[in-house]
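The values are calculated or read from the model by the stated rules, or taken from the named source; none is laboratory data. Keep in mind that this is a model prediction, so the values were computed, not measured. Here the Cβ positions follow ideal geometry from the backbone for every residue, glycine too, while neighbour counts run over all protein chains shown.
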Amino acid sequence: MERAMTKIQKIKGFADLFPEEAAQYTRMEAVARDTFARYGFGELRTPLLEKTELFAKSIGEDTDVVGKEMFTFPDRKDRSLTLRPEATAGVARAFIESGAHQPGKVSKYFTFGPMFRYERPQKGRQRQFHQINAEVFGAPEAQADGELILMLRTFLNRLGLTKLTIELNSLGCHECRPGYRQALIDYYRSKDRRNFCEDCRRRMDTNPLRVLDCKVPACKELVKDAPVITDHLCDDCRAHFADVRAILDGAGAAYELNPRLVRGLDYYVRTCFEVSSHDIGSQTAVAGGGRYDGLIRNLGGPDCPGTGFACGMERLALLLGPAELPRPDFYLAVVDESAANEAMLFAQQLRDKGLTGEVSFGAGSMKSRMRAANKSGAKACLILGGSEVADGTVTVKYMAVEREQETLDREGYLASL
RNA sequence: GUGGGUGUAGCUCAGUUGGUAGAGCACCUGGUUGUGGCCCAGGUGGCCGUGGGUUCAAGUCCCAUCACUCACCCCA
């Protein structure tokens with residue numbers, strides 16, 4: 001045969017998940033659903049595609065995500081659309097658009113699904129990746145932040161992940177952050193600018209908080225004695241932060257205070273946190289979130305506070321290892337090929353009884369059938385050969401258990417299930 | 001966008017100073033009548049990523065290109 005056309009391959013940074021891997025995601029979603037329901041969160045599904053403007057306004061024009069990482073393209077009428085790079089913007093948009101908000105009312109939503117960012121793929125990072133998200137609207141209280149972090153922790157624990165680090169910080173608000181920002185700039189000016197890395201020399205003017213997060217050793221050293229945000233919080237922010245910590249302390253949830261913790265999206269204020277692991281490559285963030293009290297209003301909605309988190313499923317999958325697929329109840333070995341139709345109909349009856357299993361196809365020896373049954377992991381191999389076809393029976397061979405195989409009347413066997 | 005690494009059988013990988021390819025696993029068939037796992041024997045399967053170049057001869061050397069991968073950046 002002639003060589004076919006070039007194989008079409010998937011695009012960079014997009015992955016196919018076959019059953020074993022897909023099962024991990026299904027499990028994460030199931031545990032998330034069950035856990036979040038305990039906290040009164042309802043599922044919200046929003047579109048994968050939104051107007052570009054939504055992300056520009058919410059995430060921030062100057063962020064890397066908006067500046068160079070979005071899948072943006074014009075539609076047929078030349079309107080700029082973008083595949084969502086994160087979930088919060090869309091959820092906030094939906095919340096505002098629904099008009100559901102009333103003063104004093106708290107709304108809690110979770111969502112999960114694919115997000116898209118045009119970055120170079122590496123371990124723990126795909127261009128299409130998946131997040132589990134939770135958002136709380138209408139609750140300015142520290143208790144909402146505390147509940148959210150405890151919920152995230154519970155979710156991770158229930159997945160079996162108990163060795164993750166929770167880092168916590170407060171970013172202050174529009175009252176106290178400017179003062180801190182200035183203090184930072186003053187501090188940088190007291191140092192020799194040339195000793196900072198190239199990125200930081202730029203960042204110290206545009207986004208001085210980011211410099212704190214730099215991984216370049218020289219910068220880390222220079223920044224060691226920089227003023228910390230938590231010393232510059234206003235009274236309200238200080239009290240708010242203390243409450244969040246008190247809740248975590250009271251619940252026995254371990255965390256580390258990290259005054260250098262900064263989020264990459266512009267909308268965060270006050271509470272900010274990150275869950276990390278060092279076992280998944282250089283990308284250590286498993287989940288992250290915080291408070292975004294100004295976001296709803298920025299998007300044209302009411303003056304409504306918000307707080308939430310996002311959790312990266314690819315990174316969880318790296319920690320969780322392979323999922324176990326459920327074992328089927330039967331493997332129907334058809335040894336007499338002329339009974340193929342009869343066998344398929346019998347299998348249908350078994351499935352109507354709620355059993356799981358598959359039927360062999362085509363021709364094959366008894367030995368090959370048994371090997372296939374073994375590989376399928378089925379609890380029982382049901383044999384339909386010449387003699388069974390002749391007298392309406394089926395031979396049941398129990399795999400991996402001490403029990404004699406038996407040949408039974410097919411109708412009677414079905415009735416016994 | 002910038003670096004490094006890797007592309008040989010379905011999978012994981014060997015392949016010696018250049019002489020047109022091998023292992024393990026997987027798969028298939030057997031080891032007497034219709035019975036799996038372990039073991040044994042045999043077998044199917046490779047344009048050595050792609051395109052050029054050097055050479056009598058290229059999986060091996062050179063160039064280009066594509067893909068994958070790790071890292072930077074940034075983030076979940």
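Only residues that are at pLDDT below 90 and either of a type in the set (A, V, I, L, M, F, W, C) or over 26 Å from A:Y268 (Cβ atoms) (or both) were counted in the range A:20-63, giving 1. Of the strands (runs of 3 or more DSSP E) lying entirely inside the range A:354-417, those carrying at least 1 residues that are in contact with a helix residue (DSSP H, G or I) (Cβ under 8 Å, 6 or more places away or on another chain) and farther than 19 Å from A:P326 by Cα are A:380-384, A:393-398, A:406-409.
Quick grid of which residues meet (1) touching a residue at least 24 places away in the same chain (Cβ under 8 Å); (2) closer than 23 Å to A:I296 by Cα:
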residue	(1), (2)
A:Y25	yes, no
A:E29	yes, no
A:T35	yes, no
A:T52	yes, yes
A:G67	no, yes
A:P74	no, no
A:D78	no, no
A:E86	yes, yes
A:V91	yes, yes
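Restricting A:P114, A:P121 to those that are within 16 Å of RNA strand B (Cβ to nearest atom), more than 25 Å from A:L261 (Cα to Cα) and in contact (Cβ under 8 Å) with a residue 60 or more places away in the chain reduces the list to A:P114.
Of the residues making up the range A:262-282, those that are at pLDDT below 90 and out of contact with any Leu (no Cβ under 8 Å at 6 or more places or on another chain) are A:G264, A:L265, A:D266. Any residue that is surrounded by fewer than 13 Cβ atoms within 10 Å (Cβ to Cβ) and among the acidic types (D, E) - is there at least one of those in the range A:321-333? Yes: the range A:321-333 contains one or more residues that are surrounded by fewer than 13 Cβ atoms within 10 Å (Cβ to Cβ) and among the acidic types (D, E).
A:V401: within 13 Å of RNA strand B (Cβ to nearest atom) and touching an Asp or Glu at 6+ places or on another chain (Cβ under 7 Å), yes or no? Considered against the rule, which asks whether it is within 13 Å of RNA strand B (Cβ to nearest atom) and touching an Asp or Glu at 6+ places or on another chain (Cβ under 7 Å), A:V401 comes out as no. How many residues are over 11 Å from A:L332 (Cβ atoms) and surrounded by 12 or more Cβ atoms within 10 Å (Cβ to Cβ) if we restrict to the range A:364-387? Residues in the range A:364-387 being over 11 Å from A:L332 (Cβ atoms) and surrounded by 12 or more Cβ atoms within 10 Å (Cβ to Cβ): 9 in total.
Within the range A:44-56, the presence of a residue that is in a loop (DSSP other than H, G, I, E, B), over 19 Å from the mean Cα position of the chain (by Cα) and not aromatic (F, W, Y) is excluded.
A residue that is surrounded by 11 or more Cβ atoms within 10 Å (Cβ to Cβ) and among the basic types (K, R) occurs nowhere in the range A:10-25.
Scanning the range A:276-303 for residues that are buried (at least 18 other Cβ atoms within 10 Å of the Cβ) and charged (D, E, K, R) yields a total of 2. Scanning the range A:364-384 for residues that are more than 8 Å from RNA strand B (Cβ to nearest atom) and of a type in the set (A, V, I, L, M), we see that the one that is nearest to A:E411 (Cα to Cα) is A:L382.
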